[in-house]
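Student: To start, I am sharing the structure in question, which I have written as structure tokens.
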Amino acid sequence: QVQLVESGGGLVQPGGSLRLSCAASGRTFRSYTMGWFRQAPGKEREFVAAISWSGSTTYYADSVKGRFTTSRDNAKNTVYLQMNGLKPEDTAVYYCAGSTGNTSQFGHDYGYWGQGTQVTVSS
């Protein structure tokens, strides 16, 4: 089975930046579309961003457009989420997920999930 491991979360002040990484095991990473989701306490899981297997196509939630950028390095089996201009409302556990299908904003379309990494934006 494919294993996904997120890292890079932490505490940052409003307006700051963080870069999350998601490392995948196995040799199937290059064929996966990858998504980023987040979930804050008391809230439903929310789509953040997605990237196609080639990295040529990306999608973002309206709430993060212009601030977040996702990219991937297939040679390293790693996908990234660069988060700039962070706001308190970005505070959540962030998950990466993989799908053998097309890029999607729906969690049920992703078959593989990481353990999550905490991002806290606070003064």
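Student: Which residues, counting only those in the range 80-91, are open to solvent by less than 30 Å² (accessible area, probe 1.4 Å) and charged (D, E, K, R)?
Tutor: The one that is open to solvent by less than 30 Å² (accessible area, probe 1.4 Å) and charged (D, E, K, R): ASP90.
Student: Answer yes or no as to whether TYR94 is aromatic (Phe, Trp, Tyr) and open to solvent by 50 Å² or more (accessible area, probe 1.4 Å). Before the answer, list the steps.
Tutor: Working: aromatic (Phe, Trp, Tyr): yes; open to solvent by 50 Å² or more (accessible area, probe 1.4 Å): no.
No.
Student: Could you check PRO41 against (1) within 18 Å of GLY9 (Cβ to Cβ); (2) of a type outside the set (D, E, K, R); (3) open to solvent by less than 50 Å² (accessible area, probe 1.4 Å) and say which number it fails?
Tutor: (3)
Student: For the range 62-79, give me each residue that is of a type outside the set (A, V, I, L, M) and surrounded by fewer than 20 Cβ atoms within 10 Å (Cβ to Cβ). Spell out the reasoning first.
Tutor: From the range 62-79, those of a type outside the set (A, V, I, L, M) are 62-63, 65-74, 76-78; that's our starting set.
Hits for the range 62-79 are ASP62, SER63, LYS65, GLY66, ARG67, THR69, SER71, ASP73, ASN74, LYS76, ASN77, THR78.
Student: Can you tell me how many residues within the range 67-120 are in a strand (DSSP E or B), more than 14 Å from VAL48 (Cβ to Cβ) and in contact (Cβ under 8 Å) with a residue 24 or more places away in the chain?
Tutor: Residues of the range 67-120 that are in a strand (DSSP E or B), as a first pass: 68-73, 78-83, 92-99, 112-113, 117-120.
Keeping just the survivors that are more than 14 Å from VAL48 (Cβ to Cβ) gives 72-73, 78, 98-99, 112, 118, 120.
Among the residues that remain, those that are also in contact (Cβ under 8 Å) with a residue 24 or more places away in the chain are: 72, 78, 98-99, 112, 118, 120.
Total satisfying the criteria: 7.
Student: Filter the range 97-123 for residues that are more than 11 Å from the chain's Cα centre (by Cα), open to solvent by 30 Å² or more (accessible area, probe 1.4 Å) and not β-branched (Val, Ile, Thr) and give the result.
Tutor: GLY101, ASN102, GLN105, PHE106, HIS108, ASP109, GLY111, TYR112, GLN115, GLN118, SER122, SER123
Student: Please determine, by comparing only the residues of the range 10-40 that are at pLDDT 95 or above and not in a strand (DSSP E or B), which one is nearest to THR69 (Cα to Cα).
Tutor: Among residues in the range 10-40 that are at pLDDT 95 or above and not in a strand (DSSP E or B), the one nearest to THR69 (Cα to Cα) is SER17.
Student: Are any residues in the range 62-78 at pLDDT below 95 and at negative phi, and if so, which ones?
Tutor: Result: ARG72, ASP73, ASN74, ALA75, LYS76, THR78.
Student: Follow-up. Where residues in the range 44-61 are in a loop (DSSP other than H, G, I, E, B) and modelled with pLDDT of 95 or more, which of them is surrounded by the most Cβ atoms within 10 Å (Cβ to Cβ)?
Tutor: Filtering first and then ranking leaves ALA61.
The values are calculated or read from the model by the stated rules, or taken from the named source; none is laboratory data. Every value quoted in this text rests on a predicted model; they were computed, and no experiment measured them. Counting neighbours? That spans all protein chains shown, and the Cβs are built from the backbone with ideal geometry, glycine included. We work out accessible area using only protein heavy atoms, side chains counted, and drop any ligands, DNA or RNA first. Shrake-Rupley method; radii C 1.70, N 1.55, O 1.52, S 1.80 Å.
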